[in-house]
Number of protein chains: 4
Amino acid sequence: MSEEKEQWLEDLIRLSEETAETKTEKQARILEAAIEIFSEKGFAATSTSEIARKAGVAEGTIFKHYKTKKDLLLSIAGPIAVKLVAPFLLRDFIKMIDMPYDRADEFFRALAKDRLKFARENTKIIKILIHEVPFQPELLEQIKSLVTDYVVKRIEKIILHFQEKGQLVEAPPWRIMRTGASVVIGMIITHVFIVPDFPFDEEKEVEMTLDLLMHGIASRSGEV
Amino acid sequence: MSEEKEQWLEDLIRLSEETAETKTEKQARILEAAIEIFSEKGFAATSTSEIARKAGVAEGTIFKHYKTKKDLLLSIAGPIAVKLVAPFLLRDFIKMIDMPYDRADEFFRALAKDRLKFARENTKIIKILIHEVPFQPELLEQIKSLVTDYVVKRIEKIILHFQEKGQLVEAPPWRIMRTGASVVIGMIITHVFIVPDFPFDEEKEVEMTLDLLMHGIASRSGEV
Amino acid sequence: MSEEKEQWLEDLIRLSEETAETKTEKQARILEAAIEIFSEKGFAATSTSEIARKAGVAEGTIFKHYKTKKDLLLSIAGPIAVKLVAPFLLRDFIKMIDMPYDRADEFFRALAKDRLKFARENTKIIKILIHEVPFQPELLEQIKSLVTDYVVKRIEKIILHFQEKGQLVEAPPWRIMRTGASVVIGMIITHVFIVPDFPFDEEKEVEMTLDLLMHGIASRSGEV
Amino acid sequence: MSEEKEQWLEDLIRLSEETAETKTEKQARILEAAIEIFSEKGFAATSTSEIARKAGVAEGTIFKHYKTKKDLLLSIAGPIAVKLVAPFLLRDFIKMIDMPYDRADEFFRALAKDRLKFARENTKIIKILIHEVPFQPELLEQIKSLVTDYVVKRIEKIILHFQEKGQLVEAPPWRIMRTGASVVIGMIITHVFIVPDFPFDEEKEVEMTLDLLMHGIASRSGEV
DNA sequence: AATGAATGAGGATTCATTCAT
DNA sequence: TATGAATGAATCCTCATTCAT
């Protein structure tokens, strides 16, 4: 498995480079301003003149770098969409199947922590992503295929693996996956978007949230 | 408790009336058209002329009924926001505390089914709600206070009640609540928004999802 | 021949009506202003804001009446293109074949006078037509088919008729036609566009120009 | 007459040099591209960036060679305008008065052939000329004075000369001139712009067209 | 001489909203 | 109450032109 030519890895790399290297200083300022305002007022309610003002460039400059306003949006949302699912694509992630975490909860905990960190570092862009994906068919398709082709397939393998090891309940993998995702995403949304200023012990929060996920909310003494 | 004059109940009633009675036929057509288009393209990207065309009325007519375009949005989103949390406000819901479901899982199951049904009946408006709430401070405030004042408080009571009865694990109620909400909302989103055309046995789906919520995804044979 | 249902006549009529009746006062002012400026600076170099200013309406008003700037152009150029060839389409024109002018020169003279008058009354629009037709494929096609289908065919018949009567030289009809058209159009352009302020005796000018067309510029005394 | 210092000749010479020598390779490519696109879409509808792209140079380069976009137009249209009337300016042309063609029709025929050839070799630029002259006052003036000062005056002399020799009809020279010009230009426009792909025997076409010009379109048997 | 990034004025078009009918 | 013509500000985008490299 580790032998296969992984084209998506090249994609990822090329993408990161594009995103990081090529950008001129003005381009960076434009992106920054656009992210700020898009996340505050939404794509459609943001005017290019406002972006230009905030970025400190002429309006025309925006269009020298991004053919269209939508182009600007996509050049923000596209890369982040990839980064969002990036860990699921990484070589190391796959290795877990051969030489895996011993315990399922350790695996899920690591994943949860990682994505929580990522979300906290990319609040604004994720907000943009959430709000614009449904209205941008290109994005929607891109993400759908990313998720179904990579994320779902790989997580499924891992779940099956843990089921074989007798660590996970015998339910359909997709339902386990959805439940896990829901709980983790719920935690992330709470801390990153709903009450971002509320201080909390991240370690403990993840610990306890995952405990509820693993063992449920029902009392564990004897009967259920 | 059931004696106190509950203002929110009046709100609810007034609202239902407004929604159902006062509306002229044209007004109804305008609302319907607006919901349709708002949910498809988003509020900011929808033009009043398009709404008018779809509703089969003159552009001016819209503004006879709704002072501004945003007014139109609020008159759609406001009521639905209330309906969304309505069951938590209802007299009967509160009675559960005095004469409650015997078992926690029965209670959660009933709630999940009810809200799933509601979501399925109001797909479009909920989509609007999700997308516009973050950009409409009035709405955001309204919902935040609705949720914190009523929903959270009441659910907390119920959770405490079940904890006392030894049916729920001894975790902070808000974390139990969040976990439950995440799992149920995850299920709703999946079936209503992500794969709406995928047929499924609702009864069984709720059953199994709640089982995972109650008892976790870890294998239950002996040790974990 | 006079029995056939002539669809182009209906076209002409509908067109004239559209042009004359439906127009509101503002619409008329917009058209007038557009004609004025288009003819002065050309279509592409004219801005809609300038038209609006000259017409005394808001810029938006233009677009309520004409979806596009090009639409505005076409609604000016289209009808005039038809009017330009209109006499060739008329029932009476065709009758000339059955019950014709006795003399070819009388026929051409009548035609020349009529079109000279028309050109003088529509200077600006004709200028627009001349300049924009090559850049507006729709217009070009429309005019090409009008001219080839109606004008050329009918004039050819008439020329053949006069050739049979021994009044016109035995050259290919199309070359006679082109020569006649060139001479008449040359005259029109001279008086209407090149030296419009130069006063001249129209009657005599047409007379003498047609004399040159009929009998040539070579000396007629004996040999040439 | 051949003694007078003819300034226009110097003009012509300087012009040819400018046109042919000074041009760098990039400049030539710019001109070529500009001619191509101007003739296709018109001056105002052509953007400098499009010209730059087609010429394969940077946008800035155009402005290194031509101060403004209009400058570029004039540097195309100006020279061609001179070339258009060039034969009328040439020393040899004037000699015709002293040592002229024996026959008027020979003279006109030579002229017609020459200008037809010229038009065929400069289709695009002539199209530009026709379309932009009316909107470029400088060009208009330049051409008007060229034509009235040189062309008209000289042709008039020649016509008078042939009238004296009894070869041309006793009409006002300007009317003879206009008629001749119309017929020849009509022929040129037909073959170069309207049906450029239609093959024809040039020799014969000129012959017959000039026959109609000289002797008219009326039947020549006996009476007229 | 050549570049191409940057400009900001101006382009066509759309928009929410008003108001006389 | 309902209309739809009219508005003019605001929208996204293009343009000719400049200038540091």
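Output yes when any residue across region C:136-150 is open to solvent by less than 70 Å² (accessible area, probe 1.4 Å) and within 9 Å of chain D (Cβ to nearest Cβ), and no when none is.
Checked against the condition, which is being open to solvent by less than 70 Å² (accessible area, probe 1.4 Å) and within 9 Å of chain D (Cβ to nearest Cβ), region C:136-150 yields no hits at all.
Note down all Cβ pairs under 9 Å where the first residue falls in region A:25-41 and is among the basic types (K, R), the second is crowded, with 21+ Cβ neighbours inside 10 Å, and they're at least six residues apart or on different chains.
As it stands, the answer is A:K26/A:A55; A:R29/A:A55, since those pairs meet every condition given.
In this structure, is C:K26 at pLDDT 95 or above, within 16 Å of DNA strand F (Cβ to nearest atom) and either in contact with a His (Cβ under 8 Å, 6 or more places away or on another chain) or within 14 Å of chain D (Cβ to nearest Cβ) (or both)?
So C:K26 fails the test.
Tally up the residues in region D:59-81 that are aromatic (F, W, Y) and either within 14 Å of chain C (Cβ to nearest Cβ) or near DNA strand F (Cβ under 7 Å from one of its atoms) (or both), please.
Selection size over region D:59-81: 1.
Out of all the residues in region D:170-224, which are facing another protein chain (nearest Cβ under 9 Å), farther than 16 Å from D:E106 by Cα and among the small types (G, A, S)?
Within region D:170-224, D:A171, D:S182, D:G186, D:G216, D:A218, D:S219, D:S221 qualify.
Are any residues in region C:58-85 near DNA strand E (Cβ under 8 Å from one of its atoms) and basic (K, R), and if so, which ones?
Passing the criteria: C:K64, C:K67, C:K69, C:K70.
Scan region A:195-205 and give yes if some residue there is among the aromatic types (F, W, Y) and more than 30 Å from B:H161 (Cβ to Cβ), otherwise no.
Among the residues of region A:195-205, not one is among the aromatic types (F, W, Y) and more than 30 Å from B:H161 (Cβ to Cβ), which makes the answer no.
Taking the criterion of being charged (D, E, K, R) and farther than 17 Å from C:G216 by Cα, would at least one residue in region C:160-182 satisfy it?
Among the residues of region C:160-182, at least one is charged (D, E, K, R) and farther than 17 Å from C:G216 by Cα, which makes the answer yes.
For region D:37-57, name all the residues that are within 15 Å of DNA strand F (Cβ to nearest atom), in contact with a Lys or Arg (Cβ under 9 Å, 6 or more places away or on another chain) and of a type outside the set (S, T, Y).
D:I37, D:F38, D:E40, D:F43, D:A44, D:E50, D:I51, D:K54, D:A55, D:V57
Exactly one condition in (1) within 9 Å of another protein chain (Cβ to nearest Cβ); (2) touching an Asp or Glu at 6+ places or on another chain (Cβ under 9 Å) is false for D:G166; which is it?
Condition (2) is where D:G166 drops out.
Taking the condition of being surrounded by fewer than 17 Cβ atoms within 10 Å (Cβ to Cβ) and more than 8 Å from DNA strand E (Cβ to nearest atom), how many residues in region B:38-57 meet it?
Adding up the residues that qualify gives 5.
Can you pull out every residue in region B:34-44 that is in a loop (DSSP other than H, G, I, E, B) and either away from chain A (no Cβ under 14 Å) or closer than 19 Å to B:F193 by Cβ (or both)?
Residues satisfying the conditions are B:G42, B:F43.
So, in region B:153-163, exactly how many residues are open to solvent by 50 Å² or more (accessible area, probe 1.4 Å) and either under 19 Å from A:L212 (Cβ atoms) or within 10 Å of another protein chain (Cβ to nearest Cβ) (or both)?
So the answer is 2.
Given the criterion modelled with pLDDT of 90 or more and crowded, with 18+ Cβ neighbours inside 10 Å, identify the matching residue among B:V195, B:V169.
From the options B:V195, B:V169, the qualifying one is B:V169.
The values are calculated or read from the model by the stated rules, or taken from the named source; none is laboratory data. Everything numeric here is computed off the predicted structure, so don't read it as measured data. Reconstructed Cβ throughout: ideal geometry from the backbone, glycine too, with neighbour counts over all protein chains shown. We work out accessible area using only protein heavy atoms, side chains counted, and drop any ligands, DNA or RNA first. Shrake-Rupley method; radii C 1.70, N 1.55, O 1.52, S 1.80 Å.
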